[in-house]
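Below is one structure, written out as structure tokens; comments come after it.
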Amino acid sequence: MDKTVVKALSILETLSNSDRPRGVTELAAEVDMTKANVHRLLRTLLALGYVSQNEASAYQLSLKMWELGSRRVAGLDLLDVAKPVVRQLCAQVNESVQLLVPEKLSVVCVDKAESAQPLRATTVVGSRVPIHAVSGGKAVLAFSPEVAAALAYPLEAYTSSTITSQAAMEDEMAYARKHGYAINRGEWRPGIWGIAAPIYNAQSKVTGAICVWGAETRMSGEATARLGACVAAAAARISGDLGCVNAGVT
């Protein structure tokens, strides 16, 4: 094990068990380290935002540890709540279904249910795709202005259908906000369409998306609105179970 990491974690654990800020001398005695080592590690942890320092130069944990832990808990809640809905939606529409979560300018598949269709879209749990090229990513972008603002145009093209211009992407996001779902028209893989709706957490922030996807012939035309309504209803159900009081309101 990396001794420096172990020492830093030891300091964090000691501070987490303390009911008050602690000075360098006191911490050094408790973790059995030199004052110089403790001071060096504390300065690093302070720079990274994991601890804070009061006017008396004593240290305590910052809220960053809580923020990291709460994100993990929120992720587990989403997966636990969404798993049965993913499978129910798959059975309802007879198309493959994915649960996606955003990470920077990508979306990551955290759960899936595959249909028995002869031509179905397949993916691997844990796979990552560009946020602008799939329906789940577009659903996140449409309802997360801070994420959409980070896009750098022109966007990278993966098929001849990939949207690359800002004007076209803004039209797509407007469509998603109007209808409650976003569409991928062969923009990641030729001939494969996707329809996705955003999922909100208890703070009414977009925390993921649920999407159906499959062959263009089964998802285009009149099928789009029907599948879109099913996906939006599934997303609203998950959002409601996560504590979002405005689930389904777009």
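Placing R0 at 30 angstrom, the Cβ-Cβ distance between Ala174 and Trp66 gives a FRET efficiency of 0.25 after rounding to 0.05.
Around Lys7, what is the net charge, scoring Lys/Arg as +1 and Asp/Glu as -1 over all other residues with Cβ under 14 Å from its Cβ?
Once all neighbours under 14 Å are counted, the net charge is 0.
Length gained on full extension, Asn246 to Lys104, computed as 0.36 nm times the residue gap minus the Cα-Cα distance: 48.6 nm.
Report the far tail of the P(r) of the chain, meaning the percent of Cα-Cα pairs longer than 25 Å.
51 percent
Bridgeable lysines around Lys3 (alpha carbons under 19 Å apart, same-chain partners fewer than 8 residues away excluded): Lys35.
Whole-Å semi-axes of segment 1-109's equivalent ellipsoid, largest first, each the root of 5 times a Cα gyration tensor eigenvalue?
43, 13, 12
A straight Cα-to-Cα reach below 20 Å connects Lys178 with the lysines Lys138, Lys205, residues fewer than 8 places away in its own chain not being considered. Amide H contacts for Val107 (H built 1.01 Å from N in the peptide plane; partners 5 or more residues away or on another chain; cut-off under 5 Å): Val129, Ile131.
Computed extension length for Asn54-Arg128: 22.5 nm, one decimal, from 0.36 nm per residue of separation with the Cα-Cα distance subtracted.
Restricting the calculation to Cα atoms, segment 129-177 yields a radius of gyration followed by a Dmax of 9.7, 27 Å. Mean residue ellipticity, 222 nm, helices only, the chain: the sum of -39500 (n - 2.57) across DSSP H runs of n ≥ 4, divided by residue count and rounded to 500, is -14500 deg cm²/dmol. Considering only Gln53, Gln98, Gln203, the mean-square fluctuation computed in a Gaussian network model of the chain, springs between alpha carbons under 10 angstrom, is largest for Gln53. To the nearest whole percent, what portion of all C-alpha pairs in segment 102-244 is separated by more than 22 angstrom? Tail of the P(r) past 22 Å holds 32 percent of the pairs.
With coordinates expressed along the principal axes, the C-alpha atoms belonging to segment 92-151 extend over 38, 21, 15 Å, beginning with the largest. Entry comment: accessible area of segment 125-199 is 42 Å² per residue, from protein heavy atoms only and a probe of 1.4 Å.
Each residue of segment 155-170 was assigned a 3J(HN,Hα) from its phi angle through the Karplus curve 6.51 cos²θ - 1.76 cosθ + 1.60 (θ = phi - 60°); the sequence is 6, 6, 9, 10, 9, 5, 9, 4, 7, 10, 8, 5, 4, 5, 5, 5 Hz, with glycine and proline shown as x. Backbone geometry of segment 210-216 corresponds, through the Karplus equation with coefficients 6.51, -1.76 and 1.60 at θ = phi - 60°, to 3J(HN,Hα) couplings of 10, 9, 10, 7, x, 5, 3 Hz, x marking Gly and Pro. Solvent-accessible area of the chain (1.4 angstrom probe, protein heavy atoms only): carbon and sulfur portion equals 54 percent.
Note on the chain: with a GNM built from Cα contacts shorter than 10 Å, the maximum mean-square fluctuation among Glu170, Glu95, Glu26 falls on Glu26.
Rounded to the nearest whole Hz, the Karplus-based 3J(HN,Hα) values (6.51 cos²θ - 1.76 cosθ + 1.60, θ = phi - 60°) of segment 229-235 follow the sequence 5, 5, 5, 4, 5, 5, 5, with x at glycine and proline. Ignoring aspartates and glutamates fewer than eight residues from Lys7 along the same chain, the ones with Cα atoms less than 20 angstrom from its Cα are Glu26, Glu30, Asp32. Comparing Gln92, Gln60, Gln117 in a Gaussian network model of the chain where C-alpha atoms under 10 Å apart are linked, the largest mean-square fluctuation is found at Gln60.
The values are calculated or read from the model by the stated rules, or taken from the named source; none is laboratory data. These numbers come from a predicted model, not from an experiment. With ideal geometry, Cβ positions are generated from the backbone for all residues, glycine too; neighbour counts draw on all protein chains shown. Quick note on the areas: whole protein, heavy atoms, side chains included, nothing else; ligands and nucleic acids left out. Shrake-Rupley method; radii C 1.70, N 1.55, O 1.52, S 1.80 Å.
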